[in-house]
Amino acid sequence: MEIDIPSDIKKFIDGVVDSFVMWDLLIFTAQRTGEIDTPHRTAQLLGRMEMEVEKPFSKLVQLGIFAVEKKPDGSSSCRINRESPLFPDLQRFIAFNSVQENRLKILSYLLQKKIN
């Protein structure tokens, strides 16, 4: 069954959203654009184990969606990279997620793709 998701949103999902943790991470960080959090702190706030968010964080850094910043204490933190070529796609994905019916479409699509 074909799920009615705009092609640009579907392309972003196919290229970026490879797990439910990734979906959570994208929505969570987009809602907190002014803040910079470590993967450890973000995992705590999401109610997830740190090891669950490490791989999605790394992928978002590799894709350029997240920018890594070194803190004075030597630790790293991430933030959404507004200079990323994928930033406009991320914004459309986040806007699409703001409607509950669309979140259900994404959920159905991700379940069809058999992600976890």
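The values are calculated or read from the model by the stated rules, or taken from the named source; none is laboratory data. Predicted model only: the values in this text are computed from it and were never measured. For neighbour counting, all protein chains shown are included, and Cβ atoms are generated from backbone atoms with ideal geometry for every residue, glycine included. Side chains are part of the model used for accessible areas, which takes the heavy atoms of the whole protein and leaves out ligands, DNA and RNA. Shrake-Rupley method; radii C 1.70, N 1.55, O 1.52, S 1.80 Å.
Assorted remarks:
- Pairs where the first residue, in the range 69-97, is assigned to a loop (DSSP other than H, G, I, E, B) and the second is of a type in the set (A, V, I, L, M, F, W, C) and surrounded by 13 or more Cβ atoms within 10 Å (Cβ to Cβ), C-beta under 7 Å, 6+ apart: N81/I65; N81/F66; N81/A67; N81/F87; S84/I65; L86/L63; L86/I65
- Matching residues, the range 31-62, being modelled with pLDDT of 85 or more and either in contact with a Gly (Cβ under 9 Å, 6 or more places away or on another chain) or closer than 14 Å to N81 by Cα (or both): F57, S58, K59, L60, V61, Q62
- For S58, the criteria (1) in contact (Cβ under 8 Å) with a residue 12 or more places away in the chain; (2) within 15 Å of the chain's Cα centre (by Cα) hold in every case but one, which is (1).
- The single condition from (1) in a helix (DSSP H, G or I); (2) of a type outside the set (S, T, Y); (3) open to solvent by less than 70 Å² (accessible area, probe 1.4 Å) that I115 fails is (1).
- Screening D8, D18 for residues that are in contact with a Lys or Arg (Cβ under 7 Å, 6 or more places away or on another chain), within 15 Å of F93 (Cα to Cα) and in contact (Cβ under 8 Å) with a residue 40 or more places away in the chain leaves exactly one candidate, D8.
The rows are residues; the columns are (1) open to solvent by 70 Å² or more (accessible area, probe 1.4 Å); (2) hydroxyl-bearing (S, T, Y); (3) under 30 Å from I3 (Cβ atoms).
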position	(1), (2), (3)
R41	yes, no, no
V53	no, no, yes
G74	no, no, no
R92	yes, no, yes
A95	no, no, yes
L107	no, no, yes
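- Residue match in the range 58-67 (condition: hydroxyl-bearing (S, T, Y), open to solvent by less than 40 Å² (accessible area, probe 1.4 Å) and part of a helix (DSSP H, G or I)): no
- Top-ranked residue of the range 4-19 - restricted to ones that are part of a helix (DSSP H, G or I) and among the acidic types (D, E), ranked as most open to solvent (accessible area, probe 1.4 Å): D14
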